[in-house]
Amino acid sequence: MSPWRNAKAFCSWLGLCPGNKISGGKVLSTRTARVSNRAATLLRTLATAVGRSDTWLGSFHRRMKSRLGPAAANTATAHKLACLIYHLLKYREAYIEVDRLLYEERLQRYRVAKLKKLAVELASISLKLSKLRRSYLEEVSNSIAVGDGRWRVT
C-alpha cells in the first residue's frame, strides 16, 4: 500500500471520491472522475450486493440510497469498502465485524443530539423574534395617536 499516502489517496486513485470543481466560489461540478479501473468497477458492483445484506454496511448503503439515490449510494458504499480494504491491507489486521444494531443505535444517538441542538437554536430564534415583535408593537403604538376619530402619526 506504499504507492498511496493514505486511504483518501487510494480512494481518489480508484475514482470513488467526489470531484470539487470550483471557480470563483461557484461549484461547477461534484461528479466522480471517470476512471477505467477494474477494482473500482468491482467495488461498485459489490456495493449493490452489500446493500442487500443485513450488516452495518448494508444499513449504510440503504441510508445513502434513500438520501442520494442508487448510483451515488453505490459509489459511497464502494468508497467505504475501499477505505476498509486499504486499512486491512496496510496494517495487516483481521476484519472485525461491526454489529448492525450498535451501528444503528449510534446513528440514533447522533440524530437525537442533532435534533436537540436544533431545538435549542429554534428556541433562541423564537425568543429573539418575540422580543423584536414586542418592541416593534410598542414603537408602533407610541407613534400612532388616536384623535378626532382619525389616525395620525406623531
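Nothing in this text is a laboratory measurement; each read-out follows from the coordinates by a stated rule. Computed from a prediction, not measured in an experiment: that's the story for all the values here. We place every Cβ from the backbone using ideal geometry, glycine too, and count neighbours over all the protein chains shown.
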Extreme residue, positive dipole direction of the chain, given options L16, A33, S66 (C-beta unit charges): A33
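Shape of the stretch 100-143 from its Cα gyration tensor (a ≥ b ≥ c, root eigenvalues): rounded if a/c is under 1.5, otherwise prolate when a/b > b/c, or oblate?
On the way: a/c = 11.51, a/b = 9.29, b/c = 1.24.
Taking the square roots of the gyration eigenvalues as a ≥ b ≥ c, the stretch 100-143 is prolate.
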Euclidean distance between Cα centres, the stretch 33-75 to the stretch 78-138, Å: 22 Å
Prolate/oblate/rounded call for the chain, Cα gyration tensor, a/c under 1.5 rounded: prolate
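Could you tell me which of rounded, prolate or oblate describes the stretch 1-50, using a ≥ b ≥ c as the square roots of the eigenvalues of the alpha-carbon gyration tensor, with rounded for a/c under 1.5 and, failing that, prolate when a/b is larger than b/c and oblate otherwise? Numbers along the way, then the final one.
Numbers: a/c = 2.65, a/b = 1.50, b/c = 1.77.
Since a/c reaches 1.5 but b/c is at least a/b, the shape of the stretch 1-50 is classed as oblate.
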Cα pair distances of the stretch 7-91 binned at 10 Å [whole percent]: 19, 46, 29, 7, 0
Interchain or long-range residues, amide H under 5 Å from T32's placed H: G19
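Just how large is the dipole of the chain about the Cα centre, in debye to the nearest 20, putting +1 at every Lys and Arg Cβ and -1 at every Asp and Glu Cβ?
Details: 29 positive and 10 negative charges, 77 e Å.
Dipole of the chain, to the nearest 20 debye: 360 debye.
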GluC sites (Glu not before Pro) restricted to the stretch 28-109 and DSSP loop, no more than 14 other C-beta within 10 Å: E93, E97
